[in-house]
1. Those residues that are part of a loop (DSSP other than H, G, I, E, B) and in contact with a Phe, Trp or Tyr (Cβ under 9 Å, 6 or more places away or on another chain), I need them from the range A:362-398; list them, please.
2. Scan the range A:77-90 residue by residue and report those that are touching a residue at least 40 places away in the same chain (Cβ under 8 Å), touching a Ser or Thr at 6+ places or on another chain (Cβ under 8 Å) and crowded, with 21+ Cβ neighbours inside 10 Å.
3. Is at least one residue of the range A:258-277 away from chain B (no Cβ under 14 Å), of a type in the set (S, T, N, Q) and closer than 30 Å to residue B:19 by Cβ?
4. Out of B:8, B:55, B:18, I need the residue that is closer than 15 Å to residue A:215 by Cβ and buried (at least 23 other Cβ atoms within 10 Å of the Cβ). Which one?
5. I'm checking my understanding of the structure. Among residues of the range B:118-173 that are more than 10 Å from chain A (Cβ to nearest Cβ), on the phi > 0 side of the Ramachandran plot and touching a residue at least 12 places away in the same chain (Cβ under 8 Å), which one is surrounded by the most Cβ atoms within 10 Å (Cβ to Cβ)?
6. List pairs: first residue in the range A:211-226 and within 28 Å of residue A:406 (Cβ to Cβ) and of a type in the set (Phe, Trp, Tyr), second residue within 12 Å of the ligand (Cβ to nearest atom) and in a strand (DSSP E or B) anywhere in the structure, Cβ distance under 7 angstrom, at least six positions apart or on different chains.
7. Could you count how many residues in the range A:154-183 are closer than 19 Å to residue A:58 by Cα, in contact (Cβ under 8 Å) with a residue 24 or more places away in the chain and surrounded by fewer than 23 Cβ atoms within 10 Å (Cβ to Cβ)?
8. Quick one: count up the residues across the range A:187-227 that are over 21 Å from residue A:379 (Cα atoms), touching a Gly at 6+ places or on another chain (Cβ under 8 Å) and more than 15 Å from the ligand (Cβ to nearest atom).
Amino acid sequence: MTGEGHKAFSEESMLDILTCKLLRAIGSKIGRGSSLPGLVCKKIWPKSLRTLKLPDKVIAVTGSNGKTSTVALLCNIAEKAGLKVVSNREGSNQTEGVVTALLSSADPRTRKVDADVVILESDERFCQYTFREFTPSHILITNLFRDQLTRNGHREFVKGELQKGIPDGTVLILNANEPLSCSYGSGREGTVYYGVSAPELREDPGLEHAYDDGAYCPVCGRKMEYDFRISGHVGSFECRKCGYRTPRTAHSVTKAANGKFVIDSTWEIRPQIFNEAYAQNISAAFTTAVEAMGVDPSVAAEALDGLELDNGRVVEFRIGGHSGRFMLCKHENSMAYNAAISTALSDPSEAVTVVFIVDRLSRKYVANDMSWLWDIDFHRLADDKVRKIILSGGFAHDAAERLLVGGVPEEKLIIEPDLDRMMDDVAERSEGYIYAMTCFTDQYKFLDRLKKYSDPSESDSKQGGKTE
Amino acid sequence: MISIIAAYPDFLDLYGEYSAVRLLEKRLACGDRQVKVSTLTFGRYAEIEKADMIYVGAGTENRMLAALEDLRGYAGQLKAFLEKGGILEVSGSSMAIFCNRITDQRSGNRYEGLGVFDAEAEITPKRRYGELICSYGDGKKIIGAVNSSIDFRRNSGQKEMFTVLWDSSKRFQKGAGEGMRTGENVYASEITGPLICRNPRLMDEIAEKLYGDSLPECTDTWYLEAWKAYEHAFGILSAESHIRQDETV
Ligand SMILES: [Zn+2]
């Protein structure tokens, strides 16, 4: 795990660590505390991570969805277990964020990272660069979903890119229910699997999706079958041709009822968000804590029970006499929106309004591609419970075309690209409880305008949107 | 009754490709013309000879190669279909299926294509994403995105489908040809979006060929929204590229 004591990094070369600490202190004042120090240090001392002395447990978390939440859950468990944690949980998940987290917590003289466990979130495409410098003891891969295809091309391409970042000797922790990422474990001894099997979280077998990434086996390419599905292509799968199937799990969410998840029919956890996506995060964090960090299962369960992450992903509000919930999703990620749609449809009342905003795709990239809209299960909004659907932002017309072609009745739609006028529509024309969903690139276009109407407060709901 | 075959819709299913056939169906329904959509996929034959149109959408490179092997079994029917003037529309990576040859740089393997286009395809390990404005016909503009790792090279006898006016990735130079077109019935483009969803004029033109007469106007909201979406997207790309609607190469 550790770099050997390189001669190149003797006493005088503590400069990398000192520079990083200094830049981090300055950077945090200008809002670039997580990426800038690492970026600068990586440029000047490209090999400095190789000579750091890391603890035995270095756990990397990657995958399309759920990694930020899972890292936060893991950090909480580790701290509850009395372990000293170093993590990039608040910062960048690209290589420079990892460099910042590690260098800024290292002792300049001994080059030892002051931690019992390092927990790192890593972008799927960046593992190949980050883990060239050191070998994590474990890599947890949450899933490979359709995500930011303008940047990622498609899932098979991301699988190949991530494969380049998995060092020999690293133990993999994989989602037994997601066929593509689970296939990293084929023929790899010591791989640990986690899952969700709770009957209450299984999808209605009649539910149709816009696409099915579970239709064909990722190993041999033939038709695949499912015993049950949790959401989309996540479930208990089996290829009758090559025998590839959901492997046996080390730990699994076996029951979900009365606002509680039960792990291994034993450990009860009251989750912050009661849905199938969060159940996967809980299962991933529990399994990693127990199997990779050696935390006692009772301690892991206790740490997760009732844990509220301060992630701002669910905000409750009131507007025009209606209550509502804002759910942070991710443009170009159909699974995130599908989970939010499921939450809206599982509302116990008879009438809900859905607000969907697409104004800008990315803060970083030129992207006006709208093809991802066709991957979201918008057709489900044809449900009678959904009385009004308010579409806004520059791409409201693309969304309208998508929903109408998907069979959503025209009379439900309010198409208002202008964001200010949209807020008036939300206040005046909503029916029932409001579910508003958009991406972090567009969230403040809604949340800031909301302040004129009401004071949003952080949610403590037991149900909510799932994202990342 | 118009008959459209969606080829491998659950397999070549990236970038919302399935919706192209659904939109054509809706557009034709606007002209009171019914459409029968059949699926051609592994182990499931659709009557190619009797179809008016076949649509082949974009998939991953590996899936495209698997679909090629399956389609090879229908080469005779496909030839007869094209000879009688059946409309073939191909999108994204699947354009390679219909080229002369495909070289896969990743494995070093070479594959014989179906030879509908006099062109060569090369699968590279590198992905590129670009947003384009192209023109065709008498200066009509289309927009869309290329999300691809395949290089296509048309031989001298093969016509392109579009002329590129602007490409955000700079892979295509201004004035370069994009896609392939043969006669009045075979169209292929790397541009997805999906192309037909984002470009209602092109949708009308293809629908009109299937309709066989001048296509009645459509006042459905979904169709009007498609036009507004096109105008909004063109506006964004135009602001970046300074390409105007009246621009020619
Ligand atoms: Zn198989």
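The values are calculated or read from the model by the stated rules, or taken from the named source; none is laboratory data. Predicted model only: the values in this text are computed from it and were never measured. So basically every Cβ, Gly included, is an ideal-geometry build from the backbone, and we count neighbours across all protein chains shown.
1. Across the range A:362-398, the qualifying residues are A:363, A:365, A:366, A:367, A:368, A:369, A:370, A:376, A:377, A:393.
2. Passing the criteria: only A:88.
3. Checking the range A:258-277: at least one residue is away from chain B (no Cβ under 14 Å), of a type in the set (S, T, N, Q) and closer than 30 Å to residue B:19 by Cβ.
4. Of B:8, B:55, B:18, the one residue that is closer than 15 Å to residue A:215 by Cβ and buried (at least 23 other Cβ atoms within 10 Å of the Cβ) is B:8.
5. Going through the qualifying residues, I end up with B:139.
6. A:216/A:223; A:226/A:237
7. Of the residues in that region, 8 qualify.
8. Summing the residues that are over 21 Å from residue A:379 (Cα atoms), touching a Gly at 6+ places or on another chain (Cβ under 8 Å) and more than 15 Å from the ligand (Cβ to nearest atom) in the range A:187-227 gives 3.
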